[in-house]
Amino acid sequence: METSPLIARIATRTSVNPKELERFIKFAIVGAIGAVVDFVVLNIMKIIFERMGLGVGWHIGLDPNQIQLIAANTISFTTAVISNFTWNRLWTFPESRDRPIIPQLLQFATVNVIGLVINTFILVFMDHYVFSQFFDHRISYNLAKAFAIGVVLFWNFGVNRIWTYKGIE
């Protein structure tokens with residue numbers, strides 16, 4: 001894979017390996033596609049869970065909104081992870097297709113389960129304690145989700161690069 005001249009110039013100025021910078025950009029593009037999937041599924045599932053009354057009367061220390069948000073986030077994040085794994089295997093790290101898919105998928109899933117925990121904590125915390133103080137609840141949880149995705153992007157790239165896709169030049 002040849003690095004584009006623009007990426008090579010950016011890499012030279014930032015002392016970053018041009019190939020790794022290109023991979024990070026591809027990973028971020030795949031992540032952006034995954035984010036769209038994540039947001040769409042999150043909002044659809046949140047509305048469905050609200051209409052179902054998920055969490056109402058459960059008395060478990062979380063209000064129904066938080067329960068619905070956690071359930072919707074679990075489904076949306078998982079859907080995005082499947083999309084991201086597919087596109088990263090095909091495009092960002094095409095050399096990884098020489099490796100068996102099941103172990104690679106298990107590694108990717110492990111990293112992303114931890115990413116889900118981080119994402120969910122940030123989502124619920126930022127929605128409840130920060131954004132809901134200033135915005136309508138739909139805007140609040142979407143802003144919190146955007147913040148969580150931004151944080152988890154770096155976790156996922158870093159750990160997947162050194163573990164799931166290690167040894168790929």
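The values are calculated or read from the model by the stated rules, or taken from the named source; none is laboratory data. Not measured: the values here are computed from a predicted model. So basically every Cβ, Gly included, is an ideal-geometry build from the backbone, and we count neighbours across all protein chains shown.
When the range 29-51 is filtered for residues that are touching a Leu at 6+ places or on another chain (Cβ under 7 Å) and either under 14 Å from T86 (Cβ atoms) or surrounded by fewer than 17 Cβ atoms within 10 Å (Cβ to Cβ) (or both), only G31 remains.
Among residues belonging to the range 115-169 that are touching a residue at least 24 places away in the same chain (Cβ under 8 Å) and acidic (D, E), point out the one that is nearest to I47 (Cα to Cα). Out of the qualifying residues, it is D127.
Among the candidates V81, V30, V56, the residue that is touching a helix residue (DSSP H, G or I) at 6+ places or on another chain (Cβ under 6 Å) and not in a helix (DSSP H, G or I) is uniquely V56. Somewhere in the range 63-81, is a residue more than 13 Å from the chain's Cα centre (by Cα), farther than 16 Å from V117 by Cβ and surrounded by fewer than 16 Cβ atoms within 10 Å (Cβ to Cβ)? Yes, the range 63-81 contains at least one residue that is more than 13 Å from the chain's Cα centre (by Cα), farther than 16 Å from V117 by Cβ and surrounded by fewer than 16 Cβ atoms within 10 Å (Cβ to Cβ).
K166 passes every criterion in (1) in a loop (DSSP other than H, G, I, E, B); (2) modelled with pLDDT of 90 or more apart from (2). Considering the range 114-148, and only residues there that are among the hydrophobic types (A, V, I, L, M, F, W, C) and either at pLDDT below 90 or not in a helix (DSSP H, G or I) (or both), the residue that is surrounded by the fewest Cβ atoms within 10 Å (Cβ to Cβ) turns out to be F134.
If I ask for residues that are free of Cβ contacts under 8 Å to residues at least 60 places away in the same chain and of a type outside the set (V, I, T), which ones from the range 95-114 would you list? Within the range 95-114, R97, D98, R99, P100, P103, L105, L106, Q107, F108, A109, N112 meet the criteria.
From the list R97, R89, the lone residue that is farther than 24 Å from I44 by Cα and surrounded by 12 or more Cβ atoms within 10 Å (Cβ to Cβ) is R89. Checked against the criterion of being farther than 30 Å from K19 by Cα and at pLDDT 90 or above, the candidates T74, T78, T86, T110 yield just one match: T74.
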